[in-house]
Amino acid sequence: MQTIPVFTMVVILFALFILANSIRVLREYERGVIFRLGRLLAGGEKGPGLIFLIPIVDKMVKVSLRTVVMDVPPQDVITQDNVSIKVNAVIYFRVLEPHKAIVEVENFLVATSQFSQTTLRSVLGQSELDDLLSQREKINLRLQQIIDSHTEPWGIKVSNVEVKQIDLPQEMQRAMAKQAEAERERRSKVIAAEGEFQAAQRLSDAAKVLAEQPSAITLRYLQTLREIATENNSTTIFPVPIDLLKPFLHIEEQKKIPS
């Protein structure tokens with residue numbers, strides 16, 4: 001059996017090595033930024049699919065185009081009204097131009113994270129605590145606009161920024177609880193006073209109606225007696241019209257007058 005020469009084997013292995021290093025397969029969400037002899041290849045990036053490289057000459061850096069969800073670590077912030085809080089957030093962004101994300105900044109993930117932290121401290125430090133709690137959507141939009149404008153030269157698009165949690169000191173939580181309790185008590189008193197006013201107004205209207213129709217008071221008396229009788233009470237109160245007692249009162253007054 002004729003043996004394969006050593007030189008032929010070396011050539012075959014070298015050809016396989018060259019072929020293995022010259023073929024790349026990129027997924028649908030991946031792009032390859034290719035540098036040829038250290039210079040960015042014309043066109044910026046390639047992919048997805050099958051990519052052919054020149055071994056030793058070309059070097060490819062893969063970049064994912066999927067949305068990145070990055071958690072911003074908790075930051076110690078002093079608000080404009082001098083309240084110390086701890087705030088963390090989450091940022092959503094994706095790479096739109098892979099060649100800029102590789103060429104313009106050393107590590108776009110670390111750069112975006114660091115800039116998000118500094119922006120979070122700066123923006124929240126210019127806001128009051130009440131605004132942070134009640135106008136969170138407005139603050140999120142402002143954070144998104146600032147971060148997006150600064151990361152745009154890196155080929156990065158920031159789609160959303162959300163402030164996740166605001167940790168308040170215990171003293172501030174107790175003070176806010178007292179404030180909320182006082183506010184609710186004030187509302188309950190206002191509602192009770194409004195109810196008393198409406199009831200008094202209705203009673204006044206009812207008195208005017210009864211004054212115009214004296215027979216209506218008798219009907220009201222009879223209705224009250226019927227309500228008392230349905231409760232199976234042993235005592236029955238029967239109202240006597242004052243007009244029946246007026247003659248007797250008149251006689252007593254005449255007796256008291258000296259002759």
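In the range 109-193, what GluC sites (Glu not before Pro) fall in a loop by DSSP, with at most 16 other Cβ atoms inside 10 Å?
Those that pass, being in a loop and sparsely packed, are Glu128.
What's the center-to-center distance, using Cα atoms, between the range 143-167 and the range 7-64 in Å?
34
Taking 41 Å as R0, compute the FRET efficiency from the Cβ-Cβ separation of Lys157 and Phe14 and round it to 0.05.
FRET efficiency, Lys157 to Phe14: 0.40.
For an R0 of 51 angstrom, estimate the FRET efficiency from the Cβ-Cβ distance between Ser64 and Ala182 and round to the nearest 0.05.
The value I calculate is 0.45.
Taking square-rooted eigenvalues a ≥ b ≥ c of the alpha carbon gyration tensor, is the range 6-64 rounded, prolate or oblate, where a/c under 1.5 means rounded and, failing that, a/b exceeding b/c means prolate?
Because a/c hits 1.5 or more and a/b fails to exceed b/c, the range 6-64 counts as oblate.
I need the shape label for the range 28-166. Rule: rounded when a/c is under 1.5, else prolate if a/b > b/c, else oblate, with a, b, c from the alpha carbon gyration tensor.
prolate
Go ahead and collect, in residue order, the members of the range 117-146 whose backbone nitrogen is under 17 Å from a label point 7 Å along the Cα-Cβ direction of Glu171.
In the range 117-146, the label zone of Glu171 (backbone N under 17 Å from the point 7 Å along Cα→Cβ) covers 129.
A short reminder: the numbers here are calculations on the coordinates, not readings from a lab. As the structure is a prediction and not an experimental result, all values here were calculated from the model. Cβ atoms come from the backbone with ideal geometry, glycine included; neighbour counts cover every protein chain shown.
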